[in-house]
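Visitor: Take a look at this one; I'll ask things after.
The values are calculated or read from the model by the stated rules, or taken from the named source; none is laboratory data. Keep in mind the model is a prediction, meaning the values are calculated, not measured. In this analysis, Cβ positions are derived from the backbone assuming ideal geometry, glycine residues included, and neighbour counts consider all displayed protein chains.
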Amino acid sequence: MPQVLPLLSLGPMMPRVPHFSPEHGGVGRRPPLTEAKIKGFKMELADRAVGFLLSIISLSIFTYYTFWVIILPFVDGDHFVHKYFLPQEYAILIPVSACVALLCLLCIFIGFVMLKSKKKKA
């Protein structure tokens with residue numbers, strides 16, 4: 001009778017995979033690590049580090065902007081905390097200019113893609 005490996009469920013969206021354990025007579029043992037797999041693990045760690053760094057930067061910007069726009073107007077104008085923030089006009093000017101710049105870059109990118117697709121058809 002063939003030996004059946006128990007299945008380990010990793011959640012509702014994950015496929016069921018064989019459970020690799022020495023209790024089952026070594027059936028389904030993991031293959032040895034190759035240099036490509038080790039490099040993949042290092043890249044995964046680098047991706048996680050970059051993702052963590054981007055998350056920290058985004059959270060910092062969100063906290064600074066929220067404090068600047070929502071809380072700072074209720075603080076007295078002569079309080080020392082005002083010296084750490086730009087004037088309130090920039091709270092609107094900076095995001096609007098960033099959106100306009102992003103929209104311009106997006107239009108330029110779409111234009112280049114359209115030009116390249118026309119050259120390939122011709």
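Visitor: Residue by residue through the stretch 64-84, note down the ones that are in a helix (DSSP H, G or I) and charged (D, E, K, R).
Guide: Across the stretch 64-84, the qualifying residue is only 83.
Visitor: Among (1) at pLDDT 90 or above; (2) part of a helix (DSSP H, G or I), where does residue 87 come up short?
Guide: Evaluating residue 87 over (1) at pLDDT 90 or above; (2) part of a helix (DSSP H, G or I) leaves (2) as the failure.
Visitor: Now for a separate question. Read through the list (1) hydrophobic (A, V, I, L, M, F, W, C); (2) loosely packed, with under 10 Cβ neighbours inside 10 Å; (3) closer than 16 Å to residue 61 by Cα, then give the number of the only condition that residue 80 fails.
Guide: It fails just one condition, (3).
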